[in-house]
Amino acid sequence: MSGPSSAPAPGAPALPHAVAIAWGVAELPQRGPKRELSTERIVEAAIVIADADGIDAVSMGRVATALGFTPMSLYRYVTGKDDLLLLMVDRASEIHSPPTDGGWRTRLRTWATSVRAAYQAHPWLTSMPPSATPTTPNRLAILDGALGAMDELRLPDESKVSIALLLMGYIGLFGESGHETRIDDDMRGALRELVTVERFPHLAGAVQDGILDEPLASTDRAFFFGLNRLLDGLQAWMDHGGHDDAAIDRIPPAVVADRKVKDAMKAVREAEARLAEARREAQRIAERAIEREAAAEERTREREAKAQEKADAKARKRS
C-alpha cells in the first residue's frame with residue numbers, strides 16, 4: 001500500500017506530510033474520478049465522529065464509511081490515523097482572535113475563554129497528548145494569542161511561553177475533569193445518606209447543600225475562580241521581580257546555608273522589592289499623567305464648545 005506523496009510543493013519547506021497539509025504547502029494528490037473527496041472533508045467527517053462518540057471511535061474505516069468511500073481512498077490524502085489525528089487537533093483548535101482591549105489580565109482571561117470554548121466544542125481535545133512543540137498553524141496561533149495578551153509585560157519570551165503553557169495545562173485539565181455528567185437523583189440521595197458528619201466532618205455540609213450535584217469542574221464560576229487565582233499568583237510573582245527561582249532551587253542545601261550566599265540572596269530579594277515598588281510608582285505616575293492629559297483635553301473640548309456656541313449665536317443674530 002502506498003501512501004500519499006509527502007513531497008512538498010515547489011519552493012515549500014520539507015515538513016512531515018500532515019504538518020505540510022495543515023500549512024497548505026503539501027503536494028496534493030491527483031484527483032481521481034470522484035473529485036468530491038478531499039483532505040478537508042476527511043478531517044471534518046472525523047471530527048463529527050469524535051464529537052459524537054469520542055476520539056476512540058475514529059478510524060480510517062469509519063471515516064471512509066461516513067463519506068461513502070473505501071478506506072483505501074482516504075490514504076491518498078492522509079497517510080494514516082496519526083496524520084488524521086494531528087489534522088483533527090489543528091482544525092478543532094481554531095479559536096477567535098481575542099481583542100486587544102484591556103490590561104494583560106483581561107486579555108489573558110479572554111484568550112483563556114476562547115481556548116476553553118474550543119475544548120467545550122470538541123471535548124476529545126483534552127484527551128489528546130499535547131505536542132512538546134506545536135507545529136501546526138492553529139496550535140501555534142493559540143500560543144501567539146497568549147503572548148499577544150501579555151505584550152505589555154516586561155518579561156522575557158521564555159517566561160511568557162511558560163505562563164502560556166501553565167494556563168493551557170489548566171484549561172485542558174479543567175476541561176477533561178468537566179466531562180462527567182450530572183449525577184442522577186438516586187446517586188444524589190445516596191450521597192446524602194453515605195456522606196455523614198461522623199465519616200466526613202468537613203465535607204458533609206457541602207454534600208447536604210448540593211455542592212456535588214453537578215461536576216465540580218463544569219461551571220463557569222469554578223473555572224474562572226481557578227483562572228483568577230493563577231493570574232493573582234502571576235501578579236504577585238511579577239510584583240516580586242518576575243524572576244525564575246529554578247536556578248536557586250537547584251543549589252545544594254549546604255550551599256544555601258552559607259552565610260555569604262544567604263546574604264547575597266537577601267540582597268537580591270531586597271533589590272527585587274525596590275524594583276517592584278519603583279515599577280508601581282512609575283505606574284502611579286503614568287496614571288496621574290494620563291488623568292491630567294484627559295482633564296486637559298476635556299477642558300479644551302469645553303472651551304471649543306463654548307466658542308462654537310458663541311459663534312452660532314452671533315450667526316443667528318446676523319441672520
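The label point for ARG316 and the one for ASP157, both projected 7 Å from the Cα toward the Cβ, are 6.2 nm apart. When only alpha carbons are used to place a centre, region 53-76 and region 286-312 end up 66 Å from one another. Taken along the Cα-to-beta-carbon direction at a fixed 7 Å, the label points for GLU94 and PHE200 span 4.3 nm.
Could you work out what % of the accessible surface of region 114-164 is carbon and sulfur, using a 1.4 angstrom probe and leaving DNA, RNA and ligands out of the count? Let's see the in-between values first.
Numbers: 1380 of 2610 Å².
The C+S portion of the solvent-accessible surface of region 114-164 is 53 percent.
Derived scalar couplings between HN and Hα for region 298-307 equal 5, 5, 4, 4, 5, 5, 5, 5, 5, 5 Hz in order, rounded to whole Hz, by the Karplus curve 6.51 cos²θ - 1.76 cosθ + 1.60 (θ = phi - 60°), x for Gly and Pro.
What net charge is computed for the residues neighbouring PHE224, neighbours being all others with C-beta under 14 Å from the C-beta of PHE224, Lys and Arg scored +1, Asp and Glu -1? List each step's numbers first, then the result.
Details: positive: ARG105, ARG109, ARG116, ARG221, ARG229; negative: ASP220, ASP232.
Net local charge, PHE224 excluded: +3.
Based on C-alpha pairs under 8 angstrom that are at least 6 apart in sequence, region 44-104 has a relative contact order of 26 percent.
Computed from the C-beta positions of MET265 and ALA236, the FRET efficiency with R₀ = 25 Å rounds to 0.85. Mind giving me the FRET efficiency for LYS306 and GLU281? R0 is 41 Å, r the Cβ-Cβ distance, nearest 0.05 is fine. Using R0 = 41 Å, I get an efficiency of 0.65.
Report the FRET efficiency, 1/(1 + (r/R0)^6), for PHE224 and ASP101, where r is their Cβ-Cβ distance and R0 is 22 Å, rounded to 0.05. Can you show the working numbers first?
Values: r = 18 Å, r/R0 = 0.83.
Once the sixth-power term is evaluated, E becomes 0.75.
Charge tally around GLU287: other residues with Cβ under 15 Å, Lys/Arg +1 each, Asp/Glu -1 each, net +1.
The values are calculated or read from the model by the stated rules, or taken from the named source; none is laboratory data. Every value quoted in this text rests on a predicted model; they were computed, and no experiment measured them. Positions of Cβ are backbone-derived with ideal geometry, glycine not excepted, and every protein chain shown enters the neighbour counts. To get the accessible areas, we keep the full protein, side chains included, count just its heavy atoms, and leave off ligands, DNA and RNA. Shrake-Rupley method; radii C 1.70, N 1.55, O 1.52, S 1.80 Å.
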